[in-house]
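The values are calculated or read from the model by the stated rules, or taken from the named source; none is laboratory data. Keep in mind that this is a model prediction, so the values were computed, not measured. In this analysis, Cβ positions are derived from the backbone assuming ideal geometry, glycine residues included, and neighbour counts consider all displayed protein chains. The area values use the complete protein model at the heavy-atom level, side chains included, leaving out ligands, DNA and RNA. Shrake-Rupley method; radii C 1.70, N 1.55, O 1.52, S 1.80 Å.
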Amino acid sequence: MVERVSVRHADFDLSAEVAALRAGDGGVGAVVAFVGTVREHSGGQEISRMELEHYPGMTEAAIEAMIDAAAQRFEIRAARVVHRVGELLPSEQIVLVAVSSAHRGQAFLACEFLMDYLKTQAPFWKKESTPEGARWVDARSSDDAALERWGLRSGNAA
Amino acid sequence: MKVQIRYFASLREALGPRESLDLPEGSTLGALRDALIDCSPGHAQALARSRAVRCALNQRLCDESVRLEENAEVAFFPPVTGG
């Protein structure tokens, strides 16, 4: 069994992560993976770097609980979340959510559910460096709306 | 009773990473926020009720109605922006 959650500065290799996720499980018929990356522009401004802070301990526990919730809702066989922290540059990978299942439908749903959950309920904070200085990224109410589609109240950006 | 307080992101920049405070037994998390607001003008600004501040008790998201126990770890932080 692969470790389900990794919060770290080091980058990840999508191919290696997907291979590990389905290794030894012949029942897997579908893997869906989402990779989030650092944009070079935000709000019309150039981003030179991004600093990601988190709440060690709570972050991992929160994501583990999200994977448990996904496994209760959807027929998935395994899931893996890698989230990077510390200093990242434009175009670098930030987050991986990968889910395996017997058929694609459940894997697509579970992957999107996990991302919607993570965006609004996992304790990470992004700070962008722009030519005008560094600024904390504002939470988006559209991310709350995305979680609420699953029948879960977010209350993050509120 | 003594509770441990942690701050993250913009609240950490304003107030530092952690502090502790003595509170009456059975206080709620909301009462702790009120007591902190009274600590200094910096606290009053960072934790003002007009601002979106989320909180966690013992590393789980919660609302301000929860009751605190001796040595509870309470965290205050802005809305999360990971992913």
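Counting only C-alpha contacts under 8 Å and six or more residues apart, can you give the relative contact order of chain B as a whole percent?
41 percent
Once you average over the residues of A:112-125, how many Cβ atoms of partner chains fall within 10 Å of each Cβ?
Shielding by partners across A:112-125 averages 4.
Could you please report the charge total around B:LEU15, scoring K, R as +1 and D, E as -1 over all other residues with beta-carbon less than 13 angstrom from its beta-carbon?
With Lys, Arg at +1 and Asp, Glu at -1, the net is +3.
Starting from the 7 Å offset along Cα-to-Cβ, what nm value, one decimal, do you get for the label separation of A:GLU51 and A:PHE108?
4.1 nm
Under 16 Å from a point 7 Å along the Cα-to-Cβ line of A:GLU148: which residues of segment A:101-127 have their amide N that close?
A:116-117, A:120-121
Which residues in segment A:81-125 have a backbone N closer than 16 Å to a point placed 7 Å from the Cα of A:ALA61 along the Cα-to-Cβ line?
The answer is A:121-124, whose backbone nitrogens lie closer than 16 Å to the label point.
Using a 1.4 angstrom probe on protein heavy atoms only, which residues from segment B:36-83 are buried by at least 40 Å² of accessible area when all chains are present rather than their own chain alone?
The answer is B:ARG54, B:GLN59, B:LEU61, B:PRO79, B:VAL80, B:THR81, B:GLY82, B:GLY83.
Carbon and sulfur atoms: what percent of the 1.4 Å accessible area of the protein assembly as shown do they account for?
48 percent
So which GluC sites (Glu not before Pro) in segment A:24-70 pass both tests, a DSSP loop state and at most 15 other Cβ atoms within 10 Å of the Cβ?
A:GLU40
Taking the dipole about the Cα centre of the protein assembly as shown, with the C-beta of Lys and Arg at +1 and of Asp and Glu at -1, give me whichever of A:ALA145, A:LEU14, A:GLY57 is farthest to the positive side.
Of the candidates, A:ALA145 comes out farthest on the positive side.
What whole-number value in Å² describes the accessible area per residue of chain A for a 1.4 Å probe?
About 48 Å² of surface per residue is accessible.
Working with all protein chains in place, sort A:GLU132, A:GLU17, B:GLU13 by solvent-accessible area computed with a 1.4 Å probe, largest first.
Ranked from most to least accessible, the order is A:GLU132, B:GLU13, A:GLU17.
In debye, nearest 20, what is the charge dipole magnitude of segment A:1-147 about its Cα centre with +1 on Lys and Arg Cβ and -1 on Asp and Glu Cβ, if you could check?
The calculation lands at about 300 debye.
Among B:LEU47, B:LEU68, B:LEU15, which one moves the most in a GNM of chain B with springs linking Cα atoms closer than 10 Å?
Top of the fluctuation ranking is B:LEU15.
Compute the length gained on full extension between B:ASP38 and B:GLU69: take 0.36 nm times their separation in residues and subtract their Cα-Cα distance, giving the result in nm to one decimal.
9.1 nm
About its Cα centre, what dipole magnitude does segment A:95-149 give when the only charges are +1 on Lys and Arg Cβ and -1 on Asp and Glu Cβ, stated in debye to the nearest 20?
Once rounded to the nearest 20, the dipole reads 160 debye.
With a sphere of radius 15 Å drawn around the Cβ of A:TRP150, what net charge do the other residues whose Cβ falls strictly inside it have (Lys, Arg +1; Asp, Glu -1)?
Its environment carries a net charge of -2.
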